[in-house]
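The structure appears right after this line, and notes come after that.
The values are calculated or read from the model by the stated rules, or taken from the named source; none is laboratory data. These figures come from a predicted structure and were not determined experimentally. Virtual Cβ from ideal backbone geometry, glycine too; neighbours counted across all protein chains shown. Ligands, DNA and RNA are stripped out before the accessible areas are found, and what is left, the full protein with its side chains, is counted by its heavy atoms. Shrake-Rupley method; radii C 1.70, N 1.55, O 1.52, S 1.80 Å.
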Amino acid sequence: MQRKIHFLANIFAIILSISIANAETHYHQFVVQATPVKRLCRTHNIITVNGLFPGPALEVRNGDALVVKVINSARYNVTIHWHGIRQMRTPWADGPEYVTQCPIQPGASYTYRFTIENQEGTLWWHAHSRWLRATVYGALIIHPKLNVPYPFQKPVTEIPILLGEWWDRDIISVQRQAIFTGAAPNVSDAYTINGQPGDLYRCSRKETAKFYVKSGETVLLRIINAALNQQLFFTVANHMLTVVGNDAAYNRPFATRVVMIGPGQTTNVLLTANQIVGRYYMAARAYATAQNAAFDNTTTTAILEYYSSPPLSTKPLMPTLPRFNDTNSATAYTSQLRSLPSNNNKVPTQIHENLFFTVGLGLVNCTPGPRCQGPNNTRFAASMNNVSFVLPRTTSLLQAYYQNIPGVFTTDFPPVPPIAFDYTGNVSRGLWQPHRGTKLYKLKYGSNVQIVLQDTAIVSTEDHPLHLHGYHFYVVGQGFGNFNPRRDNARFNLVDPPLRNTINVPVGGWTVIRFVADNPGVWLMHCHIDSHLRWGLAMSFLVENGPGKMQSVQPPPPDLPPC
């Protein structure tokens, strides 16, 4: 028996050594700089990485390490967030300003170092300071380890599809105006696919993104919603899309005509070129759920073109997209998501922390004037459990925790709403104004956590894409109206729930997520609609150190930016 155990241990050691030997370290340099870019007939100086818009795509394998030196040659402070990377034992590399680091100041640099651990699929990177994310973003593609196949038909080629928003003015000016007035920001002037608005916008036809395929071949589209403030519907004319992955996790494949994807989310789909040789539009437009709120109602396009297509005069076929408020289509899509059995699902069942967070908008009363231009002479706000999150300015939350700096935050974020009410009904005006604070919620290392995320009707119900840094989580339930544990707990999917890092809380509804608090540090949870984040729709978890060195926050790197 001992000989057999020794033999198996040797085999495991050999496999582990081969895996480690095949892992690579990828070195990159990101120069954040102003770059002139022409869109919609006009040239603007936008902030880019290495002069590219979108920025450079990073390609790695599961198990590889990344070392990215970011040099800030722009006039604004900046940080880079590696959206969806778990950052196990490397919280200093996560990137949100004033949460895990102070921003990189103009003329300074910082090197992010982290390892990809047990993640495959499509993620992305983006600025996590001010609204620079509008133009500072790019794909982060994680291939399987060498000689490890995809759990689906191997595609002939892979195409990153980055959906974005474009403003025909300086994006920082747009943000500053909204902050000054307290009103909603100006909506974008166009959506983009790989940085280009497409045929339906002025001065954009010649630069429309084009992707070429051969008849019969299957391609993998890696779709990323990098839009600043908007959920999007995406489709390809006359082609079915087979969804095989979301947020760097595989799912049970299913076919669909339309994908609904929230800001921050990624979706991998297989497309087979099985139609008549020709040209077909890819298209994306808004899924907008807030009542009476302005939104960009334009449509962005790219072209899927078969080799040996008819002459260029042939116009691409335009697909039909759902109406902007088609919640039924959005729900029909998300309800099909299920994890693969091979994901070795370990959904937490014995819950140690049972939390209930309301998420939504609010209004702050103020003296009528130029700084009070929200509805009925107010300023817009947003909150979770009636706390409108305020970032520190003298240090980061992680530094304050690691160095025991007092007065930066408190750990009294409420585990449930301070006042229970009819969350999706007619909410009393006395509950519309949140309280500002820098409040964290403390989680014990290794605890099993369940969070009910409940939308509210304060100002308006709305679909909110919630992103949790440092973790992925199981989505065990979703529904409309107020969450009712006596009714809804019985409907939870604890067998094959989807695994995500960003989840859309349905308009006027709720989502329940579960995860294990196995990654120590300070981790931001926030709405990935950036106007909502700026208004305070965020909170942070403080996950305490575990029992050993490998379960504890390591010392900060020597080049960590100062405040």
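Heavy-atom accessible surface of I303, to the nearest 10 Å², is about 10 Å², with a 1.4 Å probe and all protein chains retained. Taking only the C-alpha atoms of the chain, the Rg (one decimal) and the largest Cα-Cα distance, Dmax (whole number), read 23.2, 82 Å. Placing unit charges on the Cβ atoms of the charged side chains and taking the dipole of the chain about its Cα centre, the candidate lying farthest along the positive direction among I104, G407, P185 is I104.
Among the trypsin sites (Lys or Arg not before Pro) within region 95-160, those in coil by DSSP and having at most 16 neighbouring Cβ atoms inside 10 Å are K145. Only one residue of T301, P322, Y137 has its Cα farthest out toward the positive end of the dipole of the chain, where Lys and Arg carry +1 and Asp and Glu -1 on Cβ, and that residue is T301. Distances between placed amide hydrogens fall under 5 Å for E59 paired with I141, all partners being 5 or more residues away or on another chain.
When both bridge partners sit in the chain, DSSP labels roughly 70% of those beta bridges antiparallel.
The dipole here belongs to the chain: it is taken about the Cα centre, uses +1 on the Cβ of Lys and Arg and -1 on the Cβ of Asp and Glu, and is about 160 debye. In order along region 25-40, the phi-based Karplus estimate (6.51 cos²θ - 1.76 cosθ + 1.60, θ = phi - 60°) of 3J(HN,Hα) comes to 10, 9, 10, 9, 10, 9, 9, 7, 8, 7, 9, x, 9, 9, 9, 6 Hz; Gly and Pro are listed as x. Between T157 and N22, the distance separating the two model label sites (each 7 Å from Cα on the Cα→Cβ line) works out to 2.6 nm.
What percentage of all Cα-Cα pairs in region 208-272 are separated by more than 20 Å? Here the long-distance tail beyond 20 Å is 28 percent of all Cα pairs in region 208-272. Its relative contact order, with pairs defined as Cα atoms under 8 Å and 6+ residues apart, puts the chain at 14 percent. Protection proxy ranking for 182-189, 501-508, using the average of other Cβ atoms within 10 Å per residue and placing the highest first: 501-508, 182-189. Looking at region 326-414, the accessible area is 49 square angstrom per residue; that uses a 1.4 Å probe and ignores ligands, DNA and RNA. Take the residue pairs K210/K346; K154/K346; K145/K439; K154/K444; K346/K442 and return only those whose Cα atoms are more than 31 Å apart. With Cα atoms farther than 31 Å apart: K210/K346; K145/K439; K154/K444.
What the Cβ-Cβ distance of H352 and R491 gives, at R0 = 22 Å and to the nearest 0.05, is a FRET efficiency of 0.50. Need one number: the % of Cα-Cα pairs in region 227-380 sitting beyond the 23 Å mark. Beyond 23 Å sits 56 percent of the P(r) for region 227-380.
Straight-line reach from K206: which lysines have a Cα under 30 Å away, not including same-chain ones fewer than 8 places off? Correct list for K206: K38, K214, K315.
For the listed peptides 222-231, 256-265, a ranking on the average number of other beta carbons within 10 Å per residue, highest first, reads 222-231, 256-265.
Seen from all directions on average, region 317-448 presents a Cα convex hull projection of 15.4 nm². For T208, the solvent-accessible surface with a 1.4 Å probe is about 10 Å², rounded to the nearest 10.
Using θ = phi - 60° in the Karplus curve 6.51 cos²θ - 1.76 cosθ + 1.60, the 3J(HN,Hα) couplings for region 433-444 round to 9, x, 9, 7, x, 10, 10, 10, 10, 8, 10, 6 Hz; x is entered for Gly and Pro. In region 332-394, the inverse of the mean reciprocal separation of distinct Cα atoms equals 16.4 Å; this is its Kirkwood hydrodynamic radius. In vacuo Debye scattering of region 364-441, one point per C-alpha: log10 I(q)/I(0) at q = 0.13, 0.15 Å⁻¹? Listed by q, the Debye log ratios stand at -0.55, -0.69.
Straight Cα distances below 20 angstrom link K549 to the aspartates and glutamates D94, E117, D518, with same-chain residues fewer than 8 positions distant left out. About its Cα centre, region 500-563 has a charge dipole of approximately 160 debye under the convention of +1 per Lys or Arg Cβ and -1 per Asp or Glu Cβ, with nothing else charged. Just the number, please: percent antiparallel of the DSSP beta bridges in region 420-562, rounded to the nearest 5. Taking every DSSP beta bridge with both residues in region 420-562, the antiparallel ones total about 90 percent.
Looking at region 520-563, the pairs of alpha carbons with a distance over 12 Å make up 71% of the total. Here's the picture: a label point sits 7 Å out from the Cα of S308 along the beta-carbon direction, and within region 261-284 the residues with their amide nitrogen under 15 Å of it are 273-279. Using C-alpha pairs under 8 Å with a sequence gap of at least 6, the mean separation divided by the residue count of region 322-414 gives a relative contact order of 17 percent. With viscosity 0.692 mPa s and temperature 37 °C, the Kirkwood radius over alpha carbon pairs of region 160-256 converts through Stokes-Einstein to a diffusion coefficient of 205 µm²/s.
Given N residues in region 239-323, what is its alpha carbon radius of gyration divided by 2.2 N^0.38 Å? Dividing the Cα Rg of region 239-323 by 2.2 N^0.38 Å gives 1.29.
Once backbone amide H atoms are built at 1.01 Å from N, A249 has T122 as its partners under 5 Å, excluding neighbours fewer than 5 places away on the same chain. For region 34-180, state what percent of all Cα-Cα pairs lands in each successive 5 Å bin, counting from 0 Å until the bin that includes the largest distance. Spelled out per bin, shortest first, that is 2, 9, 17, 20, 18, 14, 9, 6, 3, 1, 0. Considering only protein heavy atoms and a 1.4 Å probe, what is the carbon-and-sulfur percentage of the accessible area of the chain? After summing per-atom areas, the C and S share lands at 52 percent.
Of the listed residues V269, V516, the order by accessible area with a 1.4 Å probe, largest first, is V516, V269. Placing a pseudo-label 7 Å from each Cα along the Cα-to-Cβ vector at I179 and N292 gives an inter-label distance of 2.9 nm.
Phi angles of region 173-178 translate, via the Karplus equation with coefficients 6.51, -1.76, 1.60 and θ = phi - 60°, into HN-Hα couplings of 5, 4, 5, 4, 4, 5 Hz per residue; Gly and Pro are given as x. Sequence-distant contacts, meaning Cα pairs under 8 Å at least 6 residues apart, place the relative contact order of region 47-187 at 29 percent.
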